[in-house]
Structure formats: structure tokens, C-alpha cells
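Below is one structure, written out as C-alpha cells, with a few remarks after it.
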Amino acid sequence: MHRLIQSLLNLTDLVYLSRVQGPQTFKAEVEEYLNSHDVRFSRDETLQGYSRTNKFDFVVRRAERITAIRALSTKNPGYAKRIAVDTAFAILDVQKVQPAFRGVPLLDDSEGSNVWAGEPYSVLEKYAEQVVMWPSQKDLLLSLVA
């Protein structure tokens, strides 16, 4: 009986988390912004890391550096923590085999919900060279991909 209840609770969590993710339009908004500033990028690219392949939403290649952006959006604090940890790992994993790599987490804070405050932001700040808040710091994004 206990396992049945645990299974139902886990299923409820999965359904809830799948519904509270930010809209797909956030990535479209970022893509439009990069295009409007003539930034050349590839979309939904996987980069080989030390232990796995890691997917990034936007990858900008320059002669001396690869900048990969993950556009992160959610309204759920628990999911924010989970994707922050996964993003930090992906950045470290790729940096281990590609020293010219820079991973940039781009956090959707357009609703001012503070979902990124605390542990999610702290994890990203420790492992990413720069964390960018959207839309307040979107101009900083341009300097990172220039």
C-alpha cells in the first residue's frame, strides 16, 4: 500500500512539474533578440562533454571561443533548482574537454517571481562564468556573444 501511495505521489509530481515549465515562447523571444542584433548562432546544439553529450539552446562560435546559452524558464522553485544543477553540470562537463567553452545560463525573470533566488542562482553563479537575467540584463548577453 505504501508503494502504491508513493507511486501516485511521484506521478502527481511529474504531471505538476510538466505543467509549470515556462512557455516555449521564452526561447523564441531570445532567438528573435539574437537575430535582431545579427548574432550568428546555431539552435539546439549538442556538445560533447567529458561524460555525456549536453544540449544547449543557442551556440555562438567565434575563432577563439564557443559560447553556449541555456534559456531557462519556469515558475516552479523545485524545478528551477533541478535545471540549475543540470545546467551547472553541463557547463563543467563541456569545459573539461573544451577549454575555450563558455556556458551562459539565461534566466527568465520576466515576471519577477524570484524563482531563481537562493539556491538555483547560487549554483549557477558558482559554476558559470556569467549568469544573465532576462530581460533586465539582456544587453549583457550581447557582450558575451560578441
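Tell me which residues, restricted to region 45-65, are closer than 13 Å to Asp93 by Cα and either among the polar types (S, T, N, Q) or buried (at least 18 other Cβ atoms within 10 Å of the Cβ) (or both).
Result: Thr46, Leu47, Gln48, Gly49, Ser51, Thr53, Asn54, Phe56.
When you look at Ser51, is it of a type in the set (Ser, Thr, Tyr) and either closer than 15 Å to Phe26 by Cα or not in a loop (DSSP other than H, G, I, E, B) (or both), yes or no?
No; evaluated as a whole, the condition is false for this residue.
Would you pick out the residues in region 117-131 that are without any contact (Cβ under 8 Å) to a residue 40 or more places away in the chain and touching a strand residue (DSSP E or B) at 6+ places or on another chain (Cβ under 7 Å)?
Matches in region 117-131: Glu129, Gln130, Val131.
Go through region 99-121 and report how many residues are out of contact with any Lys or Arg (no Cβ under 9 Å at 6 or more places or on another chain), outside any strand (DSSP E or B) and surrounded by 14 or more Cβ atoms within 10 Å (Cβ to Cβ).
Within region 99-121, residues that are out of contact with any Lys or Arg (no Cβ under 9 Å at 6 or more places or on another chain), outside any strand (DSSP E or B) and surrounded by 14 or more Cβ atoms within 10 Å (Cβ to Cβ) number 4.
Quick one: count up the residues across region 71-85 that are under 11 Å from the mean Cα position of the chain (by Cα) and loosely packed, with under 15 Cβ neighbours inside 10 Å.
Counting residues in region 71-85 that are under 11 Å from the mean Cα position of the chain (by Cα) and loosely packed, with under 15 Cβ neighbours inside 10 Å gives 1.
Can you run down the residue pairs with Cβ atoms below 8 Å, 6 or more apart or on separate chains, where the first is in region 49-66 and under 21 Å from Leu107 (Cβ atoms) and the partner is of a type in the set (S, T, N, Q) and crowded, with 19+ Cβ neighbours inside 10 Å?
Close Cβ pairs (under 8 Å, with a partner that is of a type in the set (S, T, N, Q) and crowded, with 19+ Cβ neighbours inside 10 Å) amount to Val59/Thr67; Val60/Thr67.
Could you say whether any residue in region 85-96 is of a type in the set (Gly, Ala, Ser), modelled with pLDDT of 95 or more, in contact with a Pro (Cβ under 9 Å, 6 or more places away or on another chain) and at negative phi?
yes
Specify the residue that is nearest to Thr74 (Cα to Cα); the eligible residues are those in region 34-44 that are surrounded by fewer than 16 Cβ atoms within 10 Å (Cβ to Cβ) and of a type outside the set (Gly, Ala, Ser).
If we take residues in region 34-44 being surrounded by fewer than 16 Cβ atoms within 10 Å (Cβ to Cβ) and of a type outside the set (Gly, Ala, Ser), then Asp44 is nearest to Thr74 (Cα to Cα).
Checking Ala68 against (1) crowded, with 22+ Cβ neighbours inside 10 Å; (2) among the aliphatic types (A, V, I, L, M); (3) over 23 Å from Leu34 (Cβ atoms), which test does it fail?
The single condition Ala68 does not satisfy is (3).
For Lys96, only one of the following conditions fails: (1) assigned to a strand (DSSP E or B); (2) touching a Phe, Trp or Tyr at 6+ places or on another chain (Cβ under 8 Å); (3) basic (Lys, Arg). What is its number?
If we test Lys96 against (1) assigned to a strand (DSSP E or B); (2) touching a Phe, Trp or Tyr at 6+ places or on another chain (Cβ under 8 Å); (3) basic (Lys, Arg), just (1) comes out false.
The values are calculated or read from the model by the stated rules, or taken from the named source; none is laboratory data. A quick note: this is a predicted structure, and the numbers were derived from the prediction, not measured. Positions of Cβ are backbone-derived with ideal geometry, glycine not excepted, and every protein chain shown enters the neighbour counts.
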